[in-house]
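Reading through the structure tokens given below for one structure.
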Amino acid sequence: MRIKIRRGALQSTLLAAQWTLAAAGVLMLGYCGLVMAGTWAFQRDQNRRLGELMETRQAAGSPMLRASEAVPLQISHGAAQGGLIGRLEIPRLGLSVVVVEGVDQSTLRRSAGHIPGTALPGQPGNVGISGHRDTLFRPLRNIRKDDTITVTTVFGEYRYRVVSTRIVAPTDVSVLDPGKDEVLTLVTCYPFYFIGPAPSRFIVRAERMI
């Protein structure tokens, strides 16, 4: 038994499918544009806020801490609860991103996130910062040993030197283990160009430069 489909009906079906796919494509592009615009606006506003907080601190007679001085635990954690941590920059990669507290999807969509429970810049221990591989942390695919990472906060500017990179399983949380020295650990998904949820994590380890 042969099923006959009229040419006109087939053309109409194909045309409708084309329009549906085109509309879906436009909607997806529009959504991506809105997300990117929201990210840009959030980064701009938080950078301005960081500058204002630094000016207020200096105007109050509280200078930036020297490299040898540690940020008081109670003060820095209070700042973390307020949301804004600071700004992370890697000059060679042209990377500059605001860091706020938390690693939920809403936070990572607009910024890099400080991993709760890890140290904060200026404190002994392991500072953990996470970001999305397909947006703000994409430049990390080109990072090299000895690259300089700068984290600027209300309390001071902290510089780190990259000592290693590695790929681990998502369950390997040992990369965030605390220690006596001041270190910085950047975490993002891997591979960078993987489509869908990436199976691994890309880890950048850096040591504080005094």
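Does segment 39-53 include one or more residues that are at pLDDT below 80 and surrounded by 11 or more Cβ atoms within 10 Å (Cβ to Cβ)?
Filtering segment 39-53 down to residues at pLDDT below 80 leaves none.
No, every residue in segment 39-53 fails to be at pLDDT below 80 and surrounded by 11 or more Cβ atoms within 10 Å (Cβ to Cβ).
Checked against the criterion of being hydrophobic (A, V, I, L, M, F, W, C), surrounded by fewer than 17 Cβ atoms within 10 Å (Cβ to Cβ) and touching a strand residue (DSSP E or B) at 6+ places or on another chain (Cβ under 7 Å), segment 170-187 has at least one qualifying residue.
When Val187, Val163, Val127, Val175 are checked against the criterion of being within 27 Å of Arg57 (Cβ to Cβ) and touching a residue at least 24 places away in the same chain (Cβ under 8 Å), a single residue qualifies: Val127.
Exactly one residue among Arg110, Arg6, Arg66 is at pLDDT 90 or above and basic (Lys, Arg), and that residue is Arg110. Scanning segment 131-161 for residues that are under 17 Å from the mean Cα position of the chain (by Cα), surrounded by 19 or more Cβ atoms within 10 Å (Cβ to Cβ) and β-branched (Val, Ile, Thr) yields Ile143, Ile149, Val151, Thr152, Thr153. Within segment 170-202, the set of residues being assigned to a strand (DSSP E or B) and either over 15 Å from Thr118 (Cα atoms) or among the aromatic types (Phe, Trp, Tyr) (or both) comprises Thr188, Cys189, Tyr190, Ser200, Arg201, Phe202.
Of the residues Gly128, Gly102, Gly113, which is over 19 Å from Asn47 (Cβ atoms) and either buried (at least 16 other Cβ atoms within 10 Å of the Cβ) or among the small types (Gly, Ala, Ser) (or both)?
Values: Gly102 fails: over 19 Å from Asn47 (Cβ atoms); Gly113 fails: over 19 Å from Asn47 (Cβ atoms).
Testing whether each residue is over 19 Å from Asn47 (Cβ atoms) and either buried (at least 16 other Cβ atoms within 10 Å of the Cβ) or among the small types (Gly, Ala, Ser) (or both) leaves just Gly128.
Residues that are at pLDDT below 95 and in a loop (DSSP other than H, G, I, E, B) within segment 146-169 comprise Thr153, Val154, Phe155, Gly156, listed in sequence order.
The values are calculated or read from the model by the stated rules, or taken from the named source; none is laboratory data. Keep in mind the model is a prediction, meaning the values are calculated, not measured. Cβ: placed from backbone, ideal geometry, glycine included. Neighbour counts: every protein chain shown.
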